[in-house]
């Protein structure tokens, strides 16, 4: 439940931040028609993302066993790539997000291009929704309790929407840099688990044949149905009996990403640092 909750919280907040900032900007300027058009774009993107998620689920269930393993490997690899991109992008741009979005919305409004504003809402939801659909498909395929994972995703989306509404109405101030660093830390651990799962399914698909000797036996710690199993396997992705290639892949992804996320970065200017806490007054 925790991995899917964090995924939908993070993706949902990214989408609602963009939509909330643009919506508040338009409301402040009384641009009701542009605001209405933007909501149409948001709704269309949401429907499209739901369709993508349903399509991936149906496809993964209808394929023969070996083709299922192939699809799960590909989806897992795409999901890990998306997480990596999210973490890198948000570390670089979280502090500047509010100002850049306001500038883009202002330019579009000044030029009379309402379609640009519609596109901002549409593409924000489409991008985050597509990433969420792929990532959730990979997580649910690797999970033994899909209903719990689905509940976690729904709860994460609800919390993200509440945060977005609060930001839109000016009732919350969110430190973007800290928020995305915290959720990024959880996601890179989850992604490392997906890397391990992808190497496992790749072996089942006949794609990875090296390094299949058992690396360590963790069955004494990761007992099926135990709390430890829920944490280590359900959240961290660590299997009871990982093979050598899976363990190498887990560390090879987790360690560099952790160093990148928590490594020191250049000091920001005072003006830029002030943008790391975001509140929107409608």
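With respect to being in a helix (DSSP H, G or I), within 27 Å of residue 188 (Cα to Cα) and modelled with pLDDT under 85, residue 102 falls outside the description. Counting the residues of the stretch 116-128 that are within 18 Å of residue 79 (Cβ to Cβ), surrounded by fewer than 23 Cβ atoms within 10 Å (Cβ to Cβ) and touching a helix residue (DSSP H, G or I) at 6+ places or on another chain (Cβ under 7 Å) gives 1.
Residues in the stretch 131-148 that are assigned to a helix (DSSP H, G or I), in contact with a helix residue (DSSP H, G or I) (Cβ under 6 Å, 6 or more places away or on another chain) and either under 12 Å from residue 75 (Cβ atoms) or in contact (Cβ under 8 Å) with a residue 12 or more places away in the chain (or both): 131, 132, 133, 134, 135, 136, 137, 138, 139, 140, 141, 142.
Residue count for the stretch 41-60, restricted to those that are within 17 Å of residue 164 (Cα to Cα) and surrounded by fewer than 19 Cβ atoms within 10 Å (Cβ to Cβ): 2.
The values are calculated or read from the model by the stated rules, or taken from the named source; none is laboratory data. Model, not experiment: these values are computed from the prediction. Cβ: placed from backbone, ideal geometry, glycine included. Neighbour counts: every protein chain shown.
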